[in-house]
Amino acid sequence: MQKRTWLMAAAMLASVAPATAQTIYPLNRAEILEGSRFDFKVEFPNAPASADVKVTINGKPIAEAFGREVQFVQNEEGQKHSALWLRGAQLPAGQYVVEAAQGGEKATVNWNVYATGERKAKNVILFIGDGMSVAHRTAARILSKGWEQGLYGGELAIDDMPNMALISTSGTDSIVTDSANSASAYTTGHKSCVNALGIYCAKNALTLDHPKVETISEVIKRKRSGMAIGVVTNSEIEDATPASMVAHTRRRSDFNDIVKMFFDVQPDVIMGGGSPNFLPKSTPGTKRTDDQDFIAKFKEAGYALATTKTEMNAAVAGGSKKLLGLYNTSNIDGAFDLRLAKKGSISKFPDQPDVVEQTKAALEMLKGAQDGFFLMVESARIDKYSHSLDWERAVFDTIMLDNAVKAAKDFAGERNDTLIIVVADHAHPVSLIGSYNDDRPGQLLRDKLGVYQDSVVPNYGPRDADGYPTDVNTSHRLAVVFGTYPDTCDTGRPYMDGERVPAVAGAEKNTYVANEKDCTAPMAVRKQGNLPFESNSGVHAADDVVLTAMGPGAEKFRGHKPNTYVFRVMTEALSLGGK
Amino acid sequence: MWLRNSPMSVTRRGLLQGLAALGISAPAFAAEPAPIAFDSLYKSFGVLGFQFSDRVTSLRGQEVRIAGYMAPPLKPESRFFVLTREPLAICPFCQSDADWPVDIVVIFMKEETPLVSAGRKVAVTGRLEIGSATDAETGFVSQIRLVDASFRVA
């Protein structure tokens, strides 16, 4: 029995990834929006000539099936493979079997190209809590709604929705994803690989040459001239999640190219940080390596420019429908620093909007669009603060996401024409395991940890009107732990002097050691890292994430779905299929 | 200044530190380089770019000294490294290529020099250049540079 199982497993492995097989892009089991554009590519090992290969779709020669000529490149880029290309392919709805034969070897993939039926929603608002995991949500509920005798004082806006699903987030190459290919799954409906946006990861040498798939922004721009698009984040606008709305690159750090891609697609409302990649290289403070001035280009294209919250609100009040809002050279500060600690870059950029204010401004500008709008809003730093193991900052930004969703629900009201989706792009290994109580006896941090019956309600300061506690550096605090860490020192307290830096560069290249600044805090606990030595912060988890949704189309969400399914539901709600 | 006359190719980190210690008590030659600091490089620092401070502008072309942190070098020996205000501890992307903070100073040394480990505080002396320039060898674009520079561990 055991031997048979092993043999079967070996056979399955062999059929999945023989070292020298032909590779067909899009990959097997791709679900493709009818009429959406994708680059079709087949790579043949050992650089055969055109006459030695044969590719068919549903038994027909490839050029006939697509109605267009294909291009064959022997020894592509001087590499040891040949490539067959058809850029910008489109297919009508149906089941497709693609076969690529080379000598006696045959590779086969199946695609499902789906139609989208009647339009159900005028507007779609996609909220992404980057890295938002269940513990972030639970802690946000305790902090912003209160807890008494096992019950919460209220529901989060992100929880109070009629539909829910568990979403799996893996990419094509690995179990644990990053924010690039996981966001790309939402905005293109195709899986991709770590660090990649809007492409399949092929053998191409240059990051911009890989086979592309169309983003939802591009589909809308191609098909719906009366629909508006918004991209709102508090990260750099070029960062993975917002970039997934427009970008096609194997390398998410191609920020200068990504700015150009934003300009090519021209979403109507673009807001975030990351201004230096818009400035020509002659301007001090730029990160561009060319002379292109994208501030000037966007202005010429009819965009209002806002660099502060005041300017953003003035643009909205002035009736602007197109806005480029860049509020920080880097990421916009999170809610914990905007409200409580006033660290980060608050002194340099004292007038930044938060995600809630940005969302309200975006809705004001988009809501007049004659054929509806698609708005993506990201609370980006839930993830960034979880990397730095700074859970209070991550949870404040979860509350901020919740307030932004509340604003969207207020907009959607009884309209019944707006699909709202709230989802994370991946998880972090984070858990709420009890509370720290400074009054407990003992000298060590672990003496102060109350678990089970000793996990008591925190005595945080009173909540402000927006549901944020006004003080978290109190004597009874939640205990939230991360499952992965470099060498570090835990203090069991919030980091009031600025975002936690868990580890700093070590003496050996690519190694990291505990940040000694934290190790001298009272009761600090030195922990030996459990991550590879080159890791300087916590890592993502493959755990499923929670999706909640409301509005027309939301009923499709139930049970467990792959992340690409989110794209399918959004395109079905907007009826984006077809030529 | 301190290491400029040292045989760099044989210098190792221990020796560097020794020389650095010597440097402290060594007599000053000619004119002292004018000290500048990360905190006073710019008079305005905004979303749409920076303006260099009047002091930095007036020191253009002159010998200056600045303290900062050596960013992780690309090679163990180089003529080129990036000086940052704070040690670069957390990679901004975590899964992809590291990115630089905006307020960096780029250092081009007089000769190829063994670099100290990343995250060490160093004091750099060199001739101040400001204005956009692209390094022919690496393509790195910089706005403020110290050229013909040398450094010691601070």
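Count neighbours as other Cβ atoms within 10 Å of each site's Cβ, and list the trypsin sites (Lys or Arg not before Pro) in segment A:405-502 that are DSSP loop with at most 14 such neighbours. Provide the component values of the computation, followed by the final result.
Numbers: sites: A:406, A:409, A:415, A:446, A:448, A:463, A:477, A:500; in loops: A:415, A:500.
Answer in residue order: A:415.
For the residues A:340, A:445, B:115, A:151, what sequence is obtained by ranking on other C-beta atoms within 10 Å, fewest first?
Details: A:340 21, A:445 18, B:115 24, A:151 9.
Least to most surrounded, the residues fall as A:151, A:445, A:340, B:115.
At a Förster radius of 30 Å, what calculated FRET efficiency corresponds to the Cβ-Cβ distance of residue A:452 and residue A:534, to the nearest 0.05?
On the way: r = 37 Å, r/R0 = 1.24.
According to the calculation, E is roughly 0.20.
Name the residues whose placed amide hydrogens come within less than 5 Å of the amide hydrogen of residue A:273, ignoring near sequence neighbours (fewer than 5 apart) on the same chain.
The answer is A:235, A:236, A:237, A:327, A:332.
Could you list the square roots of 5 times each eigenvalue of the Cα gyration tensor of segment A:21-114, that is, the equivalent ellipsoid semi-axes, sorted largest first and rounded to whole Å? Display every interim value, and only then the final one.
Numbers: eigenvalues 96, 36, 27 Å².
Each semi-axis is √(5λ); the values are 22, 13, 12 Å.
Give me, ordered by chain and number, the residues 5 or more places off residue A:478 or on other chains with an amide H under 5 Å from its own placed amide H.
The answer is A:436.
What percentages make up the Cα-Cα pair-distance distribution of chain A when the bins are 10 Å wide from 0?
3, 16, 26, 25, 18, 9, 3, 0, 0
Considering the dipole of segment A:430-481 built from charges on the beta carbon (Lys and Arg +1, Asp and Glu -1) around the Cα centre, which of A:441, A:472, A:458 is farthest to its positive end?
Highest projection toward the positive end goes to A:441.
Expressed as a whole number of Å, what is the distance separating the alpha-carbon centroids of segment A:270-329 and segment A:61-133?
Using only Cα atoms to place each centre, the spacing works out to 35 Å.
Determine ³J(HN,Hα), in whole Hz, for all residues of segment B:80-87 in sequence, where each value follows from phi through the Karplus function 6.51 cos²θ - 1.76 cosθ + 1.60 and θ = phi - 60°; x replaces Gly and Pro.
Along segment B:80-87, the couplings run 9, 8, 10, 9, 10, 5, 10, x Hz.
Mind sorting A:320, A:244 by how few other Cβ atoms lie within 10 Å of their own Cβ, fewest first? Intermediate results must be reported in sequence, preceding the final value.
Details: A:320 20, A:244 32.
Least to most surrounded, the residues fall as A:320, A:244.
So who's got an amide H within less than 5 Å of the one on residue A:456, skipping anything under 5 residues away but keeping other chains? H placed 1.01 Å off N, in plane.
Amide H to amide H, under 5 Å and 5 or more residues apart or across chains, residue A:456 pairs with A:435.
Hey, what do the phi angles of segment A:177-188 turn into as Karplus ³J(HN,Hα) couplings, whole Hz, using 6.51/-1.76/1.60 and θ = phi - 60°, x for Gly and Pro?
After applying 6.51 cos²θ - 1.76 cosθ + 1.60, I find 9, 10, 6, 6, 6, 6, 5, 4, 4, 5, 8, 10 Hz.
Just add up the charged neighbours of residue A:161: K/R +1, D/E -1, any other residue whose Cβ is under 12 Å from the Cβ of residue A:161. Display every interim value, and only then the final one.
Details: positive: A:406, A:409; negative: A:155, A:159, A:160, A:402, A:555.
Here the count lands on -3.
Enter the mean number of other protein chain beta carbons within 10 Å of the beta carbon of each residue in A:279-292, as an integer.
Working: counts 5, 2, 6, 5, 5, 16, 12, 7, 5, 2, 5, 2, 1, 0.
Whole-number average of other-chain Cβ neighbours for A:279-292 is 5.
Do you know the relative contact order of segment A:485-537, to the nearest whole percent, from alpha carbon pairs under 8 angstrom that are 6+ apart? Please report the intermediate quantities before stating the final value.
Numbers: 100 pairs, mean separation 27.5, N = 53.
In percent, rounded to a whole number, it is 52.
With labels modelled as points extended 7 Å from the Cα through the Cβ direction, what inter-label distance (nm, one decimal) is found for residue B:44 paired with residue A:464?
Label-label distance for residue B:44 and residue A:464, simple model: 2.9 nm.
So for chain A, averaging the separation of alpha carbon pairs under 8 Å that are six or more residues apart and normalising by length, what relative contact order in percent results? Mind showing how you got there, number by number?
On the way: 1401 pairs, mean separation 112.4, N = 579.
Answer for chain A is 19 percent.
Dipole size in debye (nearest 20) for the protein assembly as shown around its Cα centre, Lys and Arg Cβ +1, Asp and Glu Cβ -1?
Working: 80 positive and 85 negative charges, 127 e Å.
Computed charge dipole of the protein assembly as shown: roughly 620 debye.
Could you give the length gained by full extension between residue A:49 and residue A:105, i.e. 0.36 nm per residue of separation minus their alpha carbon distance, to one decimal place?
18.7 nm
Could you run the Karplus curve 6.51 cos²θ - 1.76 cosθ + 1.60 with θ = phi - 60° over segment A:97-108 and give me ³J(HN,Hα) per residue in whole Hz, x for Gly and Pro?
Working through the residues one at a time gives 10, 9, 10, 10, 9, 8, x, x, 8, 10, 10, 10 Hz.
Any idea how far apart residue A:347 and residue A:164 come out in nm if each label point goes 7 Å out from Cα toward Cβ?
4.4
None of the figures in this text is laboratory data; all of them are computed from the coordinates on show. Every value quoted in this text rests on a predicted model; they were computed, and no experiment measured them. Neighbour counts run over all protein chains shown; Cβ positions are idealised from the backbone, glycine included.
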